[in-house]
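A short write-up of the structure that comes next.
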Amino acid sequence: MAKLITVFGATGVQGGAVAYALLEDPDFKVRAVTRNASSAKAKALQEKGAEVVQASLDDQSTLGPVLQGAHGVFVVTNFWEHMDKDREVRQGKAIADAAKAAGVLHVVFSGLENVQKIAGFPCPHFDAKGQVEEYMTSLDLPVTFVRYSFYYGNVISMMKPQKQEDGTYVLGIPMEGAAMDGVAAKDMGPAVRTIYKNCTQWVRRSVGFSGGRLTVQEMADILSKHLAPKVFKASDMTTEAFGQLGFPEADDFSKMFKFLQVYTPARSVETTRQLHPAAKNFDTWVAENKEALENGLD
């Protein structure tokens, strides 16, 4: 009998990838949670066979019903929607309490490290998820924590290369020469599916997703290779300068990049490929997304 997995954030990047991966496998049924069941993305999931339901992590009364009869639940919270750390922690605790009450047998939570506790400086979008991980652990939930790396897709959106006066493009990620892990977020849907298929192996563990570890200059060299004759190079911007750029997320991002430089959080290419052998490295991802990258450049 197919196991029912309730997927929060089912119309988003992480939740959507998980929902579609589960829908491809007859061992699972998907209950896709959204706040707008009439959206195009919700309807697309419905057409693929998902049960689409409405609920909100801000409304505890809506959570129990969407977990009714579920074997598992995938939970992702979205700090960037409101940029309120305390609200994100409340949301995570609410779904943890609801999963405990419903007797869900396998929770997969998209978490991150508690930077304040580890490094001594705040990084709200990490710290909130870290606090939720700690709360879920305190409840003794049957939970697997999955921690995503820098999305490759960020170089098409919020971190897209900026054209310079000399015609070159600068990749403005302030890692100051240090390497960082990256991942194709869509690839992690099948990885999470493997975790659900092998619950006893992965429950009460943390998994750090990575498709590869590169410096920003190495990323720039890969972009130059595939998008020639355009030339890309790494920015020499410091994390401190990045934090002063003035857009709403700048300070939080700067703290994240500082943490990634100094503490090298645990992400594993080997474990990621064990879960999903076809997980892409940056070179493969760029080759497959060349048109979108070219169209996104100024």
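For the reader, a short list of remarks on this structure follows.
- Test: S61 is surrounded by fewer than 17 Cβ atoms within 10 Å (Cβ to Cβ), part of a helix (DSSP H, G or I), small (G, A, S) and without any contact (Cβ under 8 Å) to a residue 24 or more places away in the chain: yes
- Looking across the range 1-58, the residues that are open to solvent by 60 Å² or more (accessible area, probe 1.4 Å), assigned to a helix (DSSP H, G or I) and among the aliphatic types (A, V, I, L, M) come down to V13, A40.
- Filter result (under 18 Å from E294 (Cα atoms) and either of a type in the set (V, I, T) or open to solvent by less than 20 Å² (accessible area, probe 1.4 Å) (or both)) within the range 123-153: Y152
- Filter result (among the acidic types (D, E) and in a loop (DSSP other than H, G, I, E, B)) within the range 64-109: D84
- One residue from V216, V231 being β-branched (V, I, T), open to solvent by 40 Å² or more (accessible area, probe 1.4 Å) and in contact with a Ser or Thr (Cβ under 9 Å, 6 or more places away or on another chain): V231
- Among the residues listed as D187, D221, D181, the single one being touching a strand residue (DSSP E or B) at 6+ places or on another chain (Cβ under 9 Å), more than 18 Å from A279 (Cβ to Cβ), modelled with pLDDT of 95 or more and among the acidic types (D, E): D221
- Residues located in the range 176-213, provided they are part of a loop (DSSP other than H, G, I, E, B) and either in contact with a Phe, Trp or Tyr (Cβ under 6 Å, 6 or more places away or on another chain) or open to solvent by 10 Å² or more (accessible area, probe 1.4 Å) (or both): E176, G177, A178, A184, N198, V203, R204, R205
- If you check D252, D298, D236, D283 for being among the acidic types (D, E) and open to solvent by less than 30 Å² (accessible area, probe 1.4 Å), only one passes: D252.
The values are calculated or read from the model by the stated rules, or taken from the named source; none is laboratory data. Note that this is a predicted model, so its numbers are computed, not measured. Note: ideal-geometry Cβ built from the backbone for every residue, glycine included; neighbour counts use all protein chains shown. Calculation scope for accessible area: heavy atoms of the full protein, side chains included, ligands and nucleic acids excluded. Shrake-Rupley method; radii C 1.70, N 1.55, O 1.52, S 1.80 Å.
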